Amino acid sequence: MYRIIAALSLAMIVSGCSSLIASATGPEPIGLSPGERTFSMSLDDSNIETTAEVNIIKADARFREANVNVISFYNSVLLAGQVQNEELKQKAEEVVRRIAEVKQVHNELIIAEASYYGERTNDGLISTRIRTALTLEKGFPSSRTKVFTVGGTVYLMGKLTTAEADKAVLIISQVGGVGKIVKMLDYLPDTQPASSAAKSS
């Protein structure tokens, strides 16, 4: 009997709290807006990157001589850089796909010698300039995007509407040093893209 009374009392308290919150927050529904990225999502991406980087090296010692970059955003992973052969390219992807939190993998690794420090530094500067331009663009949701550059090719990740994606491409194309733009986007529900991972050159 005491348990029943306690349960009923708790239900009344929760119900009362819900009513207060509903009154205090106005007529609009509460919750995350489409594409909003929470702290736990950011933590997931960080854990995915660390786990993947460690396990890729453990999977094959030859990866120590390669240049494999693991970028996770909204649990979608980009593999970019250079490896010695097709076997290592596929092995890296297999390692990442075994991570439970990973939703999809974009394997953009190429078969080539690892790039030099100077090239990577230049790519990093391009990415920084792009991030700055997207952040300074008034009204653009830069927090829903992530960019990474390899050999002048810019990979655009995130959750955007079609109009926002077009705007991002325009901004990126105006940054010096950009050779190609590859879109790896999850389009928000109000769009109807031909492909959720369209590529643009």
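Derivation of every value follows stated rules applied to the coordinates shown; laboratory data play no part. The model shown is predicted, which means the values in this text are computed figures rather than measured ones. All Cβ positions, glycine included, derive from the backbone under ideal geometry; neighbour counts span all protein chains shown.
Are any residues in the stretch 95-122 in a helix (DSSP H, G or I) and of a type in the set (A, V, I, L, M, F, W, C), and if so, which ones? Steps first, answer last, please.
Filtering the stretch 95-122 for residues in a helix (DSSP H, G or I) gives 95-97, 117-122.
Passing the criteria: Val95, Val96.
Against the conditions (1) outside any helix (DSSP H, G or I); (2) more than 15 Å from the chain's Cα centre (by Cα), where does Ala92 fall short? Just the number, please.
(1)
Exactly one of these conditions fails for Asn75: (1) without any contact (Cβ under 8 Å) to a residue 60 or more places away in the chain; (2) on the phi > 0 side of the Ramachandran plot; (3) touching a Ser or Thr at 6+ places or on another chain (Cβ under 8 Å). Give me its number.
All conditions are met except number (3).
So Leu125 ticks every box in (1) in contact with a helix residue (DSSP H, G or I) (Cβ under 8 Å, 6 or more places away or on another chain); (2) of a type in the set (A, V, I, L, M, F, W, C); (3) in a helix (DSSP H, G or I) but one. Which box is left unticked?
Here Leu125 clears every test but (1).
What number of residues within the stretch 48-71 satisfy the criterion of being part of a helix (DSSP H, G or I), touching a strand residue (DSSP E or B) at 6+ places or on another chain (Cβ under 8 Å) and buried (at least 19 other Cβ atoms within 10 Å of the Cβ)?
Counting residues in the stretch 48-71 that are part of a helix (DSSP H, G or I), touching a strand residue (DSSP E or B) at 6+ places or on another chain (Cβ under 8 Å) and buried (at least 19 other Cβ atoms within 10 Å of the Cβ) gives 4.
Looking at the stretch 135-148 only, could you name the residues that are touching a helix residue (DSSP H, G or I) at 6+ places or on another chain (Cβ under 7 Å), surrounded by fewer than 23 Cβ atoms within 10 Å (Cβ to Cβ) and not charged (D, E, K, R)? Lay out the reasoning, then the answer.
Going residue by residue through the stretch 135-148, those that are touching a helix residue (DSSP H, G or I) at 6+ places or on another chain (Cβ under 7 Å) are 135, 137, 140-142, 145, 147-148.
Restricting the remaining residues to those that are surrounded by fewer than 23 Cβ atoms within 10 Å (Cβ to Cβ) gives 135, 137, 140-142.
Once the filter is applied, which keeps residues that are touching a helix residue (DSSP H, G or I) at 6+ places or on another chain (Cβ under 7 Å), surrounded by fewer than 23 Cβ atoms within 10 Å (Cβ to Cβ) and not charged (D, E, K, R), the stretch 135-148 yields Thr135, Phe140, Pro141, Ser142.
For residues in the stretch 136-173 being among the basic types (Lys, Arg) and within 14 Å of the chain's Cα centre (by Cα), which is farthest from Met184 (Cα to Cα)? Talk me through it step by step, then tell me what you get.
In the first step, residues of the stretch 136-173 are kept if they are among the basic types (Lys, Arg); the result is 138, 144, 146, 159, 167.
Filter once more, so that each one left must be within 14 Å of the chain's Cα centre (by Cα): 144, 146, 159.
Details: Arg144: 12, Lys146: 10, Lys159: 9 Å.
Applying the filter and picking the extreme gives Arg144.
List every residue pair whose Cβ atoms lie under 9 Å apart, where the two residues are 6 or more positions apart in sequence or sit on different chains, the first residue falls within the stretch 134-161 and is under 21 Å from Ser42 (Cβ atoms), and the second residue, located anywhere, is acidic (Asp, Glu) and in a strand (DSSP E or B).
Listed by first residue and then by second, the contacts come to Tyr155/Glu108; Met157/Asp186; Gly158/Asp186; Lys159/Asp186; Leu160/Asp186.
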